[in-house]
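Scroll down for the structure; my scribbles are underneath it.
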Amino acid sequence: MSAYIIRRLLQAVLVMAVMSGLVFVGLYVVGDPVAMMASAEATELERDEIRASFGLDKPLWQQYGIFMSHALRFDFGKSFLTGQSAMGLILDRMPATLELAVVAMGLSMGIGVPLGIWAGLRPQALSTRGIMAGSVLGFSLPNFWVGLMLIMVFAVYLGWLPASGRGATVNVGPLDLSVLTLDGWSRLLLPAVTIALAKGALIIRVTRAATREALPMDYIKFARAKGLGWSRILRVHLLKNIMIPIITVGGLEFGQVVAFAVVTETIFAWPGMGKLLLDSIITLDRPVVVAYLILIVFFLVVLNLAVDILYSVLDPRVRLQGAKA
Amino acid sequence: MSGPASLLAAAAIAACASISGTAMARDLVVALKTEPTSMDPQYHALTPNIQLSQTLFDPLVCVDADLKPEPCLAESWKADGKVWTFKLRPNVKFSDGTPLTSADVVFTMDRVAKVPNSPSSFKVYLQKVDKVEAADPLTVRITTSEPYPLLAINMVGLPIMSAKAASGAAPEGKTTTELNAGTGLVGSGPYKFVSWKRGSEIVFERNPNYWGKAPAWDKVIYRPISNPAARVAALLAGDVDLVEDPPTDDLERLKKEPKLTVETKASNRVIYVALDQNGETTPGIPDANGKNPLLDKRVREALSLAIDRQALVSRIMGGVASPAAQLLPYPMFGASKNLTAAAKPNPDKARALLKDAGYPNGFSLVLGTPNGRYINDSKVAQTLAAMWTRIGIKTSIDANAPAVFFKNRDTFVYSAYLAGWGTATGEMSNTLNALLVTPNKDKGLGTTNRSRYSNPELDKLVAESANQMDDAARAATLAKASELAMAEFAMLPLHFEHSVWAMKKDVSFKGRADQQTMVQFAVPAK
């Protein structure tokens, strides 16, 4: 098991190195960060000075070499634009994004799984048709449209919730969390629902399919023949068996939300990492972009690993490759 | 995304009619379109940073809403050849209670060059400054390397820091990181710093020691909301009191909304088309027998005559711009009073000029434009292309993200490109020096002259103005230079952008030509 984990982490390091190289080349091709940052009035000499102070006057391979040698010591450089540590800027914003992602995924699981099971058990019922039609809407409506609509209705028209921003935070160890305050929840709800609508719709469909697949199985039939109550069949026999696809999809989607909640974060002015990434790409703030993608690759690898390990816990038949090594 | 987003903002405005007004708050909440990159007033010379530091710190010289210099921390100043004397206002206190003296001014000027890794240095404001001395506690003497009339206006860009609070172990005293956290961030401006949560909010509060009129708000909270539709929604929902730059498509409806006020102000930013006049060949015109038709003044005039500037302003810019006849609007300093009305379009004359120049069938041209850098930039370029195609110059546009556009422009990929220039000092020499004076790397001239237009006569006029200490004479020289450049069609000005703010009815904010949102100019409406 530990060998398996180590191998996966080594793979991650390789992916990070390749990806940082791609980002270097990509942003180099796009344009000159100095042209984006320097005041329009700066003279050529002043621009050269800025270029030199960021090391942008060196050939690209040298810049990459310098970056790599620092990165090996976990130093990912300073943001060109703000002069602050690139990784620090990202980590500062991570709690906001994680909080939003956890609440959003919690909502979509909490709503998606029961509705999906219901739809799987009663495929012909009118309520099921309603749920399935709703789920089609849920993942086909564009995120930003849903977000703006929710703002229109709940913030502008009804005036129940604030339109944007993050609420008061409470310090818990290294994290600033807004889920512990009422103000925090009032601002978290709309963006979380925006994300949960799309993700929840997906969970409904996955759960429904898994349920339909599991129902005709012998173990369910046997359990019924034994005279077990429906609730026990559902909780013990069905739920355990449909958990694998749900966890797979849920895990992947969680990663997606954390890494790329850009649109929702922008619409709700949520101070998360996605918005930072977008701003940094536009201004060609390379250290932040590279540090962000490295962090995200690491995060996604760890997440996938966690999902794999969960499999083996949920289903004793699953053995992790190389577990014997 | 702007299409559907603005549609939604429209829906929001319709919906808003039915909500009741929110309670009057004595705090002011401002939605910024761009968050500043730092709180250090000497780190990054960029509007989002400057507009906040000018609220925390007062400079020696301020400018009014039309960029006319007026006394601030300096009560008066005079120039005697190369020596400038600034008399400080007595009894000014910093927000921590310590008095302002000339030592603070010397410290501030001295720090500028020491700030490391500045992505856009404030050194531009200290060009030609040889030394800064404290003659007595309330007198500062600045010596320039040559007679330099722009020194006073340059002082606007350098707000005065407290020597006591901002001194430190590093060469620059308190570092940018320390200032970002509020340590040493002590100024004499109307508001003082409370906190900054990056991406989330910046809080200022009233400076009880302010020397001027008492600031209107107990607290000012800035929230960065980069999406324009989201900014408008936040205003309609009552979350914020004042927003920068609502989308132009929604302005008409916002103006009709009874709970809101919309403020527009002509800015100092001109949108222009630059035409490559470097050499006999040019990359964007393939079918002119290998020649560069843009070298011919008649062709440039034809291009200008083909443009219906009034139509661009009213149809594409939604009325929030005014047609331009030169690169800085009259009556700003050095703008010509003979160039206030843009030329009427005249396609027939344009075609005749093209024929005279030897292009009866026109030629094809690629017009470069950024997409998303200036208000409706690529839409303006598309319209321009249609107008030019009408006189026989078959124009296609090459629209790119700003980063790509600037790279292309700086490597001379375009024969013609659309761009903008905001004259920060509100003074024509800045505009001409950057855009039309012959490029000279060592002297720092013609830094943005990518059309590489070169006219010794113009260079001479602008150089002459640089040492003219008499304001009236200097303004006349610059106006002459402006008339010369426009008569030559050296570049084609299109329009001056207007800046727009929208706010709740109970807030009154006076717009500024420098496009800055400075909260000291926002007061409760009567």
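Bear in mind these aren't lab numbers, they're just calculated from the coordinates by the rules spelled out. Because the structure is a prediction, the values reported are computed rather than measured. Cβ: placed from backbone, ideal geometry, glycine included. Neighbour counts: every protein chain shown.
Cβ-Cβ distance of B:Lys344 and B:Ala181, R₀ of 60 Å, FRET efficiency by 1/(1 + (r/R0)^6): the value works out to about 0.60.
Applying 0.36 nm per residue to the separation of B:Lys114 and B:Ala487 and subtracting their alpha-carbon distance, the gain on full extension is 129.9 nm. Ordering A:Val302, B:Val519, B:Val462, A:Val193 by the number of other Cβ atoms within 10 Å of each residue's own Cβ, fewest first, gives A:Val302, A:Val193, B:Val519, B:Val462. Below 19 Å, Cα to Cα, which lysines can B:Lys213 reach? Residues fewer than 8 away in the same chain don't count. Output for B:Lys213: B:Lys93, B:Lys192, B:Lys510, B:Lys526. Per residue, chain A reaches -23000 deg cm²/dmol at 222 nm when only DSSP H runs of four or more residues are counted, each adding -39500 (n - 2.57).
As an exercise, use a Förster radius of 41 Å and the Cβ-Cβ distance of A:Val13 and A:Leu175 to find the FRET efficiency, rounded to the nearest 0.05.
Values: r = 26 Å, r/R0 = 0.64.
Efficiency, rounded to the nearest 0.05: 0.95.
Picking from A:Gly184, B:Asn227, B:Ala324, whose Cα lies most toward the positive end of the charge dipole for the protein assembly as shown (charges on Cβ: Lys, Arg +1; Asp, Glu -1)? Farthest along the dipole direction, towards plus: A:Gly184.
Rounded to the nearest 500, what is chain B's calculated 222 nm mean residue ellipticity when only DSSP H runs of at least 4 contribute -39500 (n - 2.57) each, over all residues? Could you put the intermediate results ahead of the total?
Details: 15 runs with 142 residues, N = 526.
Calculated at 222 nm, the ellipticity per residue is -8000 deg cm²/dmol.
With the simple spin-label model, which puts each label point 7 Å out from Cα in the Cβ direction, the B:Lys255 to A:Ser53 separation comes to 4.4 nm. In the elastic network of chain A, a GNM with C-alpha springs shorter than 10 Å, the most mobile of A:Ser231, A:Ser127, A:Ser79 is A:Ser231. 3J(HN,Hα) along region B:265-279, derived from phi through the Karplus expression 6.51 cos²θ - 1.76 cosθ + 1.60 where θ = phi - 60°, amounts to 8, 4, 9, 8, 9, 9, 9, 9, 10, 9, 10, 4, 10, 7, x Hz, with x in place of Gly and Pro.
Averaged over peptide B:440-448, the number of partner chain Cβ atoms lying within 10 Å of each residue's Cβ comes to 4.
Within a straight-line Cα-Cα reach of under 25 Å, A:Lys221 can be paired with the following lysines, leaving aside sequence neighbours fewer than 8 residues apart in one chain: A:Lys240. Averaged over the residues of peptide B:194-201, the number of Cβ atoms from other protein chains lying within 10 Å of each residue's Cβ is 6.
Tell me, A:His70, B:His498 in order of fewest to most beta-carbon neighbours within 10 Å?
On the way: A:His70 13, B:His498 24.
Sorted ascending by nearby Cβ count, the order is A:His70, B:His498.
For B:Lys131 and B:Ser167, what is the calculated FRET efficiency with R₀ set at 22 Å and r taken between the beta-carbons, to the nearest 0.05? E between B:Lys131 and B:Ser167, to the nearest 0.05, is 0.65. Per residue of B:221-232, other chain Cβ atoms within 10 Å of the residue Cβ number 5 on average. Determine which residues of region B:109-139 fall in the zone a paramagnetic label at A:Ile66 would reach in this model, i.e. backbone nitrogen under 12 Å from the point 7 Å along Cα→Cβ. What the label zone holds, given the 12 Å backbone N cut-off, is no residue at all. When the Gaussian network model of chain A links Cα atoms closer than 10 Å, the mean-square fluctuations of A:Arg93, A:Arg51, A:Arg73 top out at A:Arg73.
Sites listed here are trypsin sites (Lys or Arg not before Pro) in region B:94-190 whose DSSP assignment is loop and whose Cβ has at most 14 other Cβ atoms within 10 Å: B:Lys114.
The slack in the chain from A:Glu213 to A:Glu44, taken as 0.36 nm per residue of separation less the alpha-carbon distance, amounts to 54.0 nm.
Residues of region B:346-363 falling in the label zone of B:Leu295, defined by backbone nitrogen less than 16 Å from a point 7 Å along Cα to beta-carbon, are B:357-359. Taken along the Cα-to-beta-carbon direction at a fixed 7 Å, the label points for A:Leu303 and B:Ser145 span 5.5 nm. Annotation for B:Ala311 and B:Ser454: the two label points, set 7 Å from Cα along the Cα-Cβ direction, are 3.7 nm apart.
In what sequence, highest mean first, do A:285-292, B:55-62, B:194-201 appear when ranked by Cβ atoms within 10 angstrom?
Values: A:285-292: 25.8, B:55-62: 23.5, B:194-201: 18.4.
Averaged packing, sorted descending, gives the order A:285-292, B:55-62, B:194-201.
Sorting B:Phe107, A:Phe74 by the number of Cβ atoms found within 10 Å of their own Cβ, with the fewest placed first, yields A:Phe74, B:Phe107.
For chain A, modelled as a GNM whose springs connect Cα atoms under 10 angstrom apart, the maximal fluctuation among A:Gly167, A:Gly227, A:Gly110 occurs at A:Gly227. Assuming charge only on the beta carbon of Lys and Arg (+1) and of Asp and Glu (-1), the dipole of chain B about its Cα centre is about 580 debye to the nearest 20.
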